1. Along Cα→Cβ, 7 Å out, is where each label goes; now give me the distance between the ones at Ala364 and Lys424 in nm to one decimal.
2. Check Lys193: other-chain or 5+ apart residues with amide H under 5 Å from its amide H, H built from backbone geometry?
3. May I ask you to order 80-91, 179-190 by the average number of other C-beta atoms within 10 Å around their residues, highest value first?
4. From the phi angles alone, apply the Karplus equation (6.51, -1.76, 1.60; θ = phi - 60°) to the stretch 182-189 and give each ³J(HN,Hα) in whole Hz, x where the residue is Gly or Pro.
5. If I histogram all Cα-Cα distances within the stretch 244-398 using bins 5 Å wide from 0, what percent of pairs lands in each bin?
6. Which order do Ser298, Ser178, Ser92, Ser276 fall in if you start with the one that has the fewest other Cβ atoms within 10 Å?
7. Provide the FRET efficiency to the nearest 0.05 for the Ala301-Val168 pair, computing r from the beta carbons and using R0 = 25 Å.
8. Quick one: 3J(HN,Hα) in Hz for the stretch 368-376, Karplus 6.51/-1.76/1.60 with θ = phi - 60°, rounded, Gly and Pro as x.
Amino acid sequence: MNRNNIFSIIPFLALVCWAFLGCMPPNTPVESPGANSANTNIGNVVNTNGNFVNSNTSTTSTANALPVTMPLIDAMFADEEFAKDAKAIGLSEEELTKLRDAARNEVLQMDGGPGGDSERSTRSTVEKTRKKIEEIIGQQKADQFLELVRKRWVGEGSDLEIAGPNSVPKDTRIVVNSPAYRMDLFKDGQLVKTYKIGIGYPEFPLPTGLRRAAEIIFNPVWTPPDEPWVKGKFRPYEKVEAGSKLNPLGILKIPIGSPSLIHGGKDPSRLGTFASHGCVGLTNAMVQDVALQLAQLSGTALTSGDIKKFEKTTTATKNVKLTEPVPVELRYETIVVEDGKLHIYRDVYERGTNTEEDLKRVLAAFDVAFDRLSDADKAALRNAIAQMAVDAQGKTIPESGNSNATNSSKAKAGKVTRNIKGKKEVVIELAELKGKGYPAPVASPAR
């Protein structure tokens with residue numbers, strides 16, 4: 001497959017984020033999706049087939065395969081080349097039409113607005129998608145079709161190398177860890193600043209992998225699509241101007257690879273929880289500070305005075321190219337050694353990362369043997385793992401099998417999961433971890 005094919009669907013992949021809460025409007029400049037996804041809790045990488053491979057065992061883990069949902073498939077079908085590739089694996093025109101219609105119908109039924117939560121989950125959404133595909137084209141073709149979707153989503157390129165659990169960058173980059181709702185800015189291996197963020201809903205999880213930020217777009221405009229959810233003060237194709245209080249992108253956006261952005265416009269109440277369809281959400285004040293820090297990290301001539309000037313001229317969109325693109329690493333780590341303490345975060349995207357096996361691997365990376373801990377410490381750690389091995393609704397995540405398939409039948413039609421029920425993390429102090437781990441947060445600006 002031509003590498004450029006993945007870029008031909010970028011405007012349509014943007015619909016996944018844009019069509020709900022306006023995370024990305026049309027014609028948004030984007031950068032290469034970059035390297036592939038990885039679960040750094042357990043040393044997984046993604047091979048060129050788009051599957052997670054455990055580097056310790058060299059076996060493919062289907063449970064941790066990249067999540068494929070109907071909105072993603074809907075976006076894929078917007079590219080004619082995708083349909084051609086699907087025909088090449090043996091799908092008929094009739095089968096493609098049925099798949100296209102099923103994906104489109106799912107998107108049209110979903111509502112990202114406030115008012116009521118779905119009881120769906122990431123796993124149940126992915127499983128519902130697979131079940132529907134199997135109903136249409138059968139299990140064997142479904143396997144091939146999902147593989148095709150993952151290949152095109154990941155793109156072609158070298159795998160993301162994993163330095164180890166909770167690794168501290170040695171270079172200049174942005175690190176986002178979704179389960180911790182945390183974004184860090186590093187300069188030459190030193191943590192400069194930390195921000196509390198909003199992440200994608202479980203039905204639209206924030207991706208993982210290595211991306212890059214190459215520009216900052218101040219005062220972006222937003223054009224609502226011709227979709228059923230466009231109602232009230234919005235009208236299809238009628239632009240929401242830069243600076244408008246109705247503009248969901250806020251004061252600026254930073255593209256980090258299709259279909260994701262770092263952008264403002266979020267209420268402080270949405271930080272530390274679900275806030276978008278695949279974007280990193282911040283308040284306007286926070287994202288302005290990020291822009292200033294990003295300019296400094298990249299050697300770009302941009303001052304606080306410039307930002308204030310852009311803020312005053314709210315109707316004028318301004319693109320600022322970074323002198324040097326800054327890598328953006330999107331992680332999914334639920335077990336984190338931080339400044340001598342062990343943080344175990346809720347497995348909100350249900351990737352099965354909170355297990356005793358994963359815990360042992362993370363501890364071993366810091367020269368701590370689980371089996372040599374005291375009985376009291378081991379009991380506390382096992383209890384913490386069990387507490388956090390639950391989805392956003394607080395339901396236990398099965399190790400394998402049907403997972404939360406029963407949840408999908410209870411889901412409230414047309415709603416996404418906006419809130420998290422229960423505790424989000426457990427913190428445990430271990431003497432053996434003193435002085436070790438990922439750095440503690442560095443203060444970020446007021447919200």
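Just so you know, all these numbers are worked out from the coordinates, no wet-lab data involved. Quick caveat: nothing in here was measured; it's all calculated off a predicted structure. Glycine gets a Cβ as well: all are built from the backbone with ideal geometry, and neighbour counts include every protein chain shown.
1. My value for the distance between the label points is 3.1 nm.
2. Amide H neighbours of Lys193, under 5 Å, 5+ apart: Leu185.
3. Details: 80-91: 15.9, 179-190: 20.2.
Going by the mean number of other Cβ atoms within 10 Å, highest first, we get 179-190, 80-91.
4. Per-residue couplings from phi come out as 9, 10, 10, 10, 10, 10, 6, x Hz.
5. In whole percents, the pair-distance histogram is 1, 8, 14, 15, 13, 12, 10, 10, 8, 5, 2, 1, 0.
6. Exposure proxy ranking, most exposed first: Ser92, Ser298, Ser178, Ser276.
7. 0.30
8. With the stated coefficients, the stretch 368-376 comes to 10, 8, 4, 5, 8, 6, 5, 4, 5 Hz.
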